[in-house]
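Student: Handing you this structure, nothing more for now.
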Amino acid sequence: MNETFKRKDLLGIRELSAGEITHILDTAESFRDISRREIKKVPALRGRTVINLFFEPSTRTRTSFEIAAKRLSADAINVSASTSSVTKGETLLDTARNLEAMSPDCIVIRHSSAGAPHQLARVCRAGIINAGDGAHEHPTQALLDALTIRERKGRISGLKVAIIGDILHSRVARSNIHLLTKLGATVSLAGPGTLMRNEFSELVEEGVIVERRIEDAIDEADVVMILRIQRERQDAAFFPSMREYAVHYGLNLKRLERAASEAIVMHPGPMNRGIEIASDVADGTRSLILDQVSNGLAVRMAVLYLLAGGSHTAEGNEGVQRKTEESRTN
Ligand code: CP
């Protein structure tokens with residue numbers, strides 16, 4: 001099923017094949033070791049330039065893209081909306097065209113508008129990586145989640161993954177639903193009716209089940225993925241109060257008992273502790289929340305490597321070179 005990755009951009013999971021997803025995950029796996037070494041650097045992207053263009057706040061995604069670029073020896077530059085000429089009225093496309101004039105190899109963009117990375121991809125020669133566009137997609141989050149599940153469970157196919165919470169506003173949920181179903185998992189969704197997307201009820205054949213009760217979604221699940229309540233995207237009252245949300249939809253130890261005995265707990269971060277997830281669950285033995293962050297670094301190294309043409313310059317990274325050779329012969 002494995003195949004090489006020949007795309008210029010990474011805009012979403014929806015357009016990727018199962019083989020392309022597996023190739024990114026295999027590449028990420030071969031990069032994981034670099035971050036455990038004393039000297040955490042290989043020359044794979046020496047001479048390449050990566051620009052991080054973030055129009056929304058971020059801790060994990062922006063930092064890990066910057067560290068990923070640096071560990072591959074690329075030059076990494078961070079541009080945030082608040083300190084850029086966007087504050088003087090420059091448009092997104094003009095900003096991108098001006099950055100493009102400095103010949104970057106990749107532009108990583110996070111934006112509140114769905115489709116912003118796609119706009120850039122149409123006008124830029126540089127590879128465009130979607131680091132989250134509105135409530136649309138967050139492809140590297142889904143990839144790091146899959147790498148984390150695969151690391152612990154050894155597979156994705158045949159697992160039951162419960163995704164709980166603010167589905168309506170979640171780009172993480174959308175990317176994960178595409179990825180998990182392409183790789184053969186069953187996805188059960190639950191959350192307040194006001195925070196559910198009708199379109200997901202129509203994906204029964206793809207393996208998506210919308211449950212009314214959180215307990216039913218969690219029942220015998222192998223993975224329980226909790227979503228953040230996205231207050232910044234909620235311009236109306238979708239539920240009476242945070243306290244009531246915690247009572248009816250928060251993941252606590254009692255609810256977790258419904259899951260399979262070896263179930264793992266995931267959250268993309270940042271967490272609202274005591275609201276969508278209780279602290280004793282977030283910090284408990286089943287929680288892989290910090291493993292997700294570590295795997296995020298490996299996934300972003302892989303994505304930068306694959307998009308910035310690293311497969312042609314993988315000196316000093318025999319593991320990746322070997323994987324690339326293997327995928328050519330499969
Ligand atoms: N999960 C995630 O995207 O986190 P940040 O917003 O901190 O990047």
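The values are calculated or read from the model by the stated rules, or taken from the named source; none is laboratory data. Note that this is a predicted model, so its numbers are computed, not measured. For neighbour counting, all protein chains shown are included, and Cβ atoms are generated from backbone atoms with ideal geometry for every residue, glycine included. Accessible surface is based on the protein model in full, side chains and every heavy atom, while ligands, DNA and RNA are left aside. Shrake-Rupley method; radii C 1.70, N 1.55, O 1.52, S 1.80 Å.
Student: Using Stokes-Einstein with the Kirkwood hydrodynamic radius over Cα pairs, what translational diffusion coefficient do you get for the range 174-299 at 20 °C and a viscosity of 1.002 mPa s, in µm²/s rounded to a whole number?
Tutor: On the way: Rh = 15.3 Å.
This corresponds to a translational diffusion coefficient of 140 µm²/s.
Student: Turning to a different aspect of this structure: Any chance you could give the angle, 0 to 90 degrees and rounded to 10, that helix 318-329 forms with the longest Cα principal axis of the chain?
Tutor: Tilt relative to the chain: about 80 degrees.
Student: Also, quick follow-up: About the Cα centre of the range 1-160, what is the dipole size in debye to 20, counting +1 per Lys and Arg Cβ and -1 per Asp and Glu Cβ, all else neutral?
Tutor: Details: 25 positive and 19 negative charges, 95 e Å.
Computed about the Cα centre, the dipole is about 460 debye.
Student: Still on this model: Post the alpha-carbon centroid distance, the range 241-268 to the range 74-98, in whole angstrom.
Tutor: Cα centroid of the range 241-268 versus Cα centroid of the range 74-98: 39 Å apart.
Student: Between the alpha-carbon centers of the range 181-224 and the range 141-166, tell me the distance in whole angstrom.
Tutor: What the calculation gives is 13 Å, centre to centre.
Student: Give the accessible surface of the range 207-294 per residue, rounded to a whole number of Å², with probe radius 1.4 Å and ligands, DNA and RNA excluded. Don't skip to the end; give the middle numbers.
Tutor: Numbers: 4430 Å² over 88 residues.
So the range 207-294 comes to 50 Å² accessible per residue, rounded to a whole number.
Student: In Å², and per residue, what accessible area does the range 43-170 have when probed at 1.4 Å with the other protein chains present?
Tutor: I get 37 Å² per residue for this part.
Student: For helix 289-307, report the angle its Cα long axis makes with the longest principal axis of the Cα atoms of the chain; keep it between 0 and 90° and round to the nearest 10°.
Tutor: 30
Student: Using 0.36 nm per residue, how much length does the chain from SER17 to ILE39 gain when fully extended, once their Cα-Cα distance is taken away? Mind showing how you got there, number by number?
Tutor: On the way: separation 22, 0.36 × 22 = 7.92 nm, distance 3.46 nm.
Full extension from SER17 to ILE39 adds 4.5 nm.
Student: Still on this model: Which distance in nm do the two modelled labels at ALA101 and VAL247 give, with both placed 7 Å along the Cα-to-Cβ direction?
Tutor: Taking the simple label geometry, ALA101 and VAL247 are separated by 5.9 nm.
Student: Shifting gears a bit: For the chain, what % of the accessible area comes from carbon and sulfur atoms, probe 1.4 Å?
Tutor: On the way: 6730 of 14150 Å².
Looking at the chain in its full context, I get 48 percent from C and S.
Student: OK, next. Rounded to the nearest angstrom and ordered from largest down, what semi-axes does the equivalent ellipsoid of the chain get from its C-alpha gyration tensor (root of 5λ)? Working shown, then result.
Tutor: Numbers: eigenvalues 206, 114, 61 Å².
They are 32, 24, 17 Å, listed largest first.
Student: Sticking with this one: Given a cut-off of 28 Å, name the pairs among LYS6/LYS41; LYS8/LYS153; LYS70/LYS153; LYS153/LYS182; LYS160/LYS254 whose C-alpha atoms lie farther apart than that in the structure shown.
Tutor: On the way: LYS6/LYS41 25 Å; LYS8/LYS153 31 Å; LYS70/LYS153 30 Å; LYS153/LYS182 17 Å; LYS160/LYS254 19 Å.
Among LYS6/LYS41; LYS8/LYS153; LYS70/LYS153; LYS153/LYS182; LYS160/LYS254, the Cα-Cα distance tops 28 Å for LYS8/LYS153; LYS70/LYS153.
Student: Here's a follow-up. In what sequence, highest mean first, do 183-192, 113-122, 82-91 appear when ranked by Cβ atoms within 10 angstrom?
Tutor: Numbers: 183-192: 21.6, 113-122: 18.4, 82-91: 10.7.
Highest mean packing first, the order is 183-192, 113-122, 82-91.
Student: Write out the trypsin sites (Lys or Arg not before Pro) in the range 196-267 meeting two conditions: DSSP loop, and at most 12 other Cβ atoms within 10 Å of their Cβ. Don't skip to the answer; put the middle values down first.
Tutor: Numbers: sites: ARG197, ARG212, ARG213, ARG228, ARG231, ARG233, ARG243, LYS254, ARG255, ARG258; in loops: ARG197, ARG212, ARG213, ARG228, ARG258.
Sites meeting the loop and neighbour criteria: ARG212, ARG213.
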